[in-house]
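Following: one structure in structure tokens, then a few remarks.
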Amino acid sequence: MSVSYTATKDGAALSLRRLSWVWEAVAVILAAACDMIPASMVWLSSVDFEVDPGANRGHNFVCHITVAYSSDLYEKLKGISSQEYFSQIAQLKKNYKDSIEVFSFDMITGKNQMGREVSLRSYTKAKGAFVFAAYTTPGQFKENVGLARHLTIRFLPSKMELHSDISLDDFTSKFKK
């Protein structure tokens, strides 16, 4: 975008055709502000677990919320299944001892656990977090936590569902005002 002027014979500026320089300035300020905000953060502070009596064929199981504090670990966790995760967790803790935080919860089928606290060592330095469930039934039992402060995790007979306190409607409504 450019600013253009129309001049009179005596050299005085008559008009400003566009105020595009204002938009350019706004874009520069927004870009600078975005550089000050960490690329990713984890805000999770509490979790509700709703465990169906038929979850995991009625067998108790473990659920981990794993926080990655390095990009390398985040990418590794992003690329593995829950079965791979549970077979590698001991080695992951050794290899990434300063970059990993694991919150472990024992799930008893048919028993809900409400308001379980999750207190991260650093919310702003975390690159991301995942929920892993050690189901014996086939399926994908890994989910990204995202930016949620509170999660409700539902363990059903053949799947796991995450419901967060953040919705697209909540997010977009802030821009409509």
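The values are calculated or read from the model by the stated rules, or taken from the named source; none is laboratory data. In this text the structure is predicted, and so the values were computed from the model without any measurement. Positions of Cβ are backbone-derived with ideal geometry, glycine not excepted, and every protein chain shown enters the neighbour counts.
Residue check: is Asn56 surrounded by 20 or more Cβ atoms within 10 Å (Cβ to Cβ), assigned by TED's automatic domain parsing to the domain that holds Ala129, in contact (Cβ under 8 Å) with a residue 24 or more places away in the chain and not acidic (Asp, Glu)? Yes; evaluated as a whole, the condition is true for this residue. Pick from Lys127, Lys142, Lys94: which is over 22 Å from Trp43 (Cβ atoms) and among the charged types (D, E, K, R)? Unique residue meeting the criteria: Lys94. On the stretch given as the range 64-107, residues that are of a type in the set (A, V, I, L, M, F, W, C), outside any helix (DSSP H, G or I) and surrounded by fewer than 14 Cβ atoms within 10 Å (Cβ to Cβ) total 1.
Select from the range 111-165 the residues that are assigned to a loop (DSSP other than H, G, I, E, B) and basic (Lys, Arg) and write down the one among them that is surrounded by the fewest Cβ atoms within 10 Å (Cβ to Cβ).
So the first thing to find is which residues in the range 111-165 are assigned to a loop (DSSP other than H, G, I, E, B), and the list is 111-112, 118-127, 134-141, 145-149, 156-159, 165.
Next cut, basic (Lys, Arg) only: 111, 121, 125, 127, 149, 159.
Details: Lys111: 12, Arg121: 9, Lys125: 15, Lys127: 21, Arg149: 14, Lys159: 15.
Per the criteria, the residue is Arg121.
Glu143 satisfies every condition listed in (1) without any contact (Cβ under 8 Å) to a residue 24 or more places away in the chain; (2) out of contact with any strand residue (DSSP E or B) (no Cβ under 7 Å at 6 or more places or on another chain); (3) closer than 22 Å to Asp165 by Cα except (2).
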